[in-house]
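The values are calculated or read from the model by the stated rules, or taken from the named source; none is laboratory data. Predicted model, so just to flag it, every value in this text is computed and none were measured. As a convention, Cβ positions derive from the backbone with ideal geometry for all residues, glycine included, and neighbour counts pool all protein chains shown. For the accessible areas, the whole protein counts, side chains as well, though only heavy atoms, and no ligand, DNA or RNA atoms are used. Shrake-Rupley method; radii C 1.70, N 1.55, O 1.52, S 1.80 Å.
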Amino acid sequence: MLTGMHLTAIGDNNMLLEPTDALDPSSPDDYVAELMEVLQKEEAQTLMYDLNQVPLIDQVYYNWLIRLNNLCRLANVELVIVNIRTTAAFSLAMSLKTAPPFKCSLDVDSARHGITASLQD
């Protein structure tokens with residue numbers, strides 16, 4: 001297990017990443033190599049990032065999500081944000097000047113069925 005996150009293979013080349021309180025979004029380099037290794041080992045095609053336990057997304061956390069998205073693109077993995085709380089969505093929307101590069105989905109089941117939204121479209 002990576003420090004600060006639970007990473008679970010959930011079938012069909014999907015991985016679920018659940019951050020914990022130990023995740024330090026201000027130090028993304030601490031996670032990149034090991035996370036890339038797991039994604040490649042599991043032959044992941046989609047990484048679902050569960051924001052259910054994240055009450056607020058500030059600039060530091062958003063930068064972490066952008067860095068994670070870049071990592072996923074390098075690994076040819078699609079990043080889909082799932083279970084974003086209303087408070088987190090609102091704080092994110094208020095701070096954005098451009099659309100985020102990743103897709104969002106209501107929940108894991110929706111993401112597994114390809115029901116996503118991209119704010120860049």
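Here is how the numbers come out for the structure above:
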item: Backbone HN-Hα couplings from phi across segment 111-116 [Karplus 6.51/-1.76/1.60, Hz, Gly and Pro as x]; result: 5, 5, 8, x, 8, 10
item: Amide H contacts of residue 49 (H built 1.01 Å from N, under 5 Å, at least 5 apart or other chain); result: 17, 80, 81, 82
item: Lys, Arg +1 and Asp, Glu -1 on Cβ, resulting dipole of segment 1-70 about Cα centre, debye, nearest 20; result: 120 debye
item: Surface accessible to a 1.4 Å probe, per residue, for the residues of segment 5-110, Å²; result: 54 Å²
item: For residue 5, residues with placed amide H under 5 Å, excluding near neighbours; result: 20
item: Gain upon complete extension [residue 106, residue 53; 0.36 nm per residue less C-alpha separation]; result: 17.6 nm
item: Centroid-to-centroid separation of segment 70-121 and segment 18-60 [C-alpha atoms, Å]; result: 13 Å
item: Accessible surface of the chain [probe 1.4 Å, protein heavy atoms]: carbon and sulfur percent; result: 49 percent
item: Debye log10 I(q)/I(0) for segment 5-110, one point scatterer per Cα, at q = 0.16 Å⁻¹; result: -0.66
item: Relative contact order of the chain, pairs being alpha-carbon contacts under 8 Å that are 6 or more residues apart, as %; result: 22 percent
item: By average C-beta atoms within 10 angstrom, highest first, the peptides 75-83, 22-30, 39-47; result: 75-83, 39-47, 22-30
item: Whole-Hz couplings from phi, Karplus 6.51/-1.76/1.60, listed for segment 63-80; x for Gly and Pro; result: 4, 4, 5, 5, 4, 5, 4, 4, 4, 4, 4, 4, 8, 6, 10, 8, 8, 10
item: Backbone HN-Hα couplings from phi across segment 44-49 [Karplus 6.51/-1.76/1.60, Hz, Gly and Pro as x]; result: 5, 10, 9, 10, 9, 9
item: 85, 73, reordered so the largest accessible area comes first (probe 1.4 Å); result: 73, 85
item: Size of electric dipole in the chain: Cβ of Lys, Arg +1 and of Asp, Glu -1, about Cα centre, debye, nearest 20; result: 400 debye
